[in-house]
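Since the structure comes first, as structure tokens, the remarks are kept for the end.
The values are calculated or read from the model by the stated rules, or taken from the named source; none is laboratory data. Not measured: the values here are computed from a predicted model. Heads up, the Cβs are rebuilt from the backbone with ideal geometry, glycines too, and the neighbour counts pull from every protein chain shown. Remember, those area values only see protein heavy atoms, side chains included, never the ligands or the DNA or RNA. Shrake-Rupley method; radii C 1.70, N 1.55, O 1.52, S 1.80 Å.
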Amino acid sequence: LIIPDEFTKNGKLMKGLNPRDFNLEDGTVKLRRASLLITQSNFFSCITKINEGHPRYIWHGVLNGWPSLRCFELISMEERRGMSIIPTQIQLKASSGNLLWKAVWDKKDTVDPSEIVKKNTHHLYRVTLRGSPWTSFAWKKDNPGFVFWYEPHHAGGPRFTYGMELTRKLSNDICTKIHMVSHRYAIGRKESARDRITYHSVCVLEWEHGQYCSVVELAYLNGIGGYQGKSNFYDDRDAKVPNQLFRAFPPELIQPWLDNKAEIRGYDVEARNFEEFKKFILKYEGNDKRFVDPVFNFSHEARLTLRSKAQIARYLINYSTRDADYATLKRNCQTFAADFCAFVAGKKNVSPYSPLVSSVQWENKAHYFLYDSYAYESVKDHSNAVYAKKEQRREQLKTSFLADRNRHDYDA
């Protein structure tokens, strides 16, 4: 959202802006907000025009203090209409719809977008920005997979690894058991009807060395990076920022979370076995703590033949790059936990914990762990831009996957 440089008048915020996004005492914009606010001068000072004949406008800076949001192409721009021209009853029904915004610039236009803003500098504008194609499946170019693993017990000190690098850096420790834990989130207030039926499921892995366990979960993309490393599975979650986990986070993973995309997180925790992990969960049980109604609903020996830590990470990358979407009832933490437990334990009929999830168009997708995702990228219509993008994604994934295969002998 592009806002005027002078967004206050006599200490009052202009209409259409949320006071929670500003420090009104000193008249500044709060950083690292989901609304991605930026002033007009800051935005357009970072715009570079390329290709004079068919101009493109590239924005390069640090967007609202998020260190990962740095380089984008400007696709379109809309101007907020004056509130007085919209009937009140329509305002209420379309407060976030197109009736409040009108298109004023598109990437096909030849006019400089900054010239449009100069005509009405006291108005609000919102823009659509597009990142590089690889950002749809990776945090870093040539390192695909929205999967990370945090190792606080690593011999060289706490280590944070993500993407395909996991297969090169993680150890060959052998997984011996897998468990599923489901719980509601502690919210510190009276639960609503929806809160009482909303459960989060995670998987817990035990290792042959018996020094620690690992928690593996699927959740919102960038949920931990955007929330300052506040993971429920470490005692210092609420410590002064940054806590130990957030100190290890690379800047490219610190960005606003997306509730329609997913990441897979791996955490090595203090518990050495599942019984110790249960004690940790019960230690923080309660609506004023972290976990409500914890249920330990699946346990089994790991029967997968190739089940080292590095190999498990590769399975998770396959799963993540095959489908990076997140959907509340169709593809979420519970469906992942069911798929992962079934895969590692070699068991049929492992279902999501909540009947509400398992009964809504869910089917086990444990096979996603096994196969190179790039081989499933296809588009029937070869004549449009969608095909070109899909083909580019396929080739980028293929290059990274084959390079990884050349480094490892998975048949050994």
- Task: Would you kindly find the accessible area of E301, with a 1.4 Å probe and non-protein molecules such as ligands, DNA and RNA excluded, rounding to the nearest 10 Å²?
- Result: 120
- Message: Quick check: with the 1.4 Å probe, what order do K190, K30 take by accessible area, largest first?
- Response: K190, K30
- Query: Taking a threshold of 20 Å on the Cα-Cα distance, which of the pairs K140/K261; K177/K289; K15/K107; K279/K365 fall above it?
  - Reply: K177/K289; K15/K107; K279/K365
- Message: Straight-line reach from K283: which aspartates and glutamates fall under 16 Å, measuring Cα to Cα and dropping same-chain residues less than 8 apart?
- Response: D235, D236, D238, E270, E275, D293
- Using r as the Cβ-Cβ distance of R189 and K107, and R0 as 56 Å, what FRET efficiency do you calculate, to the nearest 0.05? 0.80
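When Lys and Arg each count +1 and Asp and Glu each count -1, what net charge do the other residues less than 11 Å away from D112, Cβ to Cβ, add up to?
Values: positive: K49, K118; negative: D109, E115.
Once all neighbours under 11 Å are counted, the net charge is 0.
Can you pull the percent of Cα pairs in the chain with separation above 39 Å?
Roughly 28 percent, once rounded to a whole number.
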- Message: Helix 385-407 against the longest principal axis of the chain: what's the angle in degrees, Cα atoms only, rounded to the nearest 10?
- Response: 40
- Message: How big is the dipole moment of segment 184-333 about its Cα centre under a simple scheme where the beta carbon of each Lys and Arg is +1, that of each Asp and Glu is -1, and everything else is neutral? Debye, nearest 20, please.
- Response: 260
- Item | K169 versus R405: modelled label distance in nm, points set 7 Å from Cα along the beta carbon direction | 2.5
- Task: Would you mind computing Rg(Cα) / (2.2 N^0.38 Å) for segment 99-191, counting N as its residues?
- Result: 1.92
- Item | Sequence of Y185, Y319, Y284 from largest to smallest accessible area, 1.4 Å probe | Y185, Y284, Y319
- Heavy-atom SASA rank of L356, L36, L221 (probe 1.4 Å, accessible area, largest first): L356, L36, L221
- Query: Going out from 0 in 5 Å bins, what whole percent of all Cα-Cα distances in segment 184-280 drops into each bin?
  - Reply: 2, 12, 18, 21, 22, 16, 7, 2, 0
- Note on the structure: Once the in-chain neighbours fewer than 8 apart are removed, the aspartates and glutamates whose Cα is under 16 Å from K119 read D5, E6, E78, E79
- Note on the structure: Result for the chain: accessible area per residue, probe 1.4 angstrom, in square angstrom, of 52
- Report H154's accessible area, 1.4 Å probe, all protein chains in place, as a number in Å² to the nearest 10. 70
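Using packing as a proxy for protection, rank 320-327, 8-15 so that the peptide with the highest average count of other Cβ atoms within 10 Å comes first. The partial results should precede the final answer.
Working: 320-327: 19.2, 8-15: 10.4.
Packing order, densest peptide first, comes out as 320-327, 8-15.
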- With all protein chains modelled, accessible area of D259 [1.4 Å, Å²]: 100
- Query: Taking θ as phi - 60°, what are the ³J(HN,Hα) couplings along segment 196-202 by the Karplus curve (6.51, -1.76, 1.60), each to the nearest whole Hz, with x for Gly and Pro?
  - Reply: 6, 10, 9, 10, 10, 10, 10
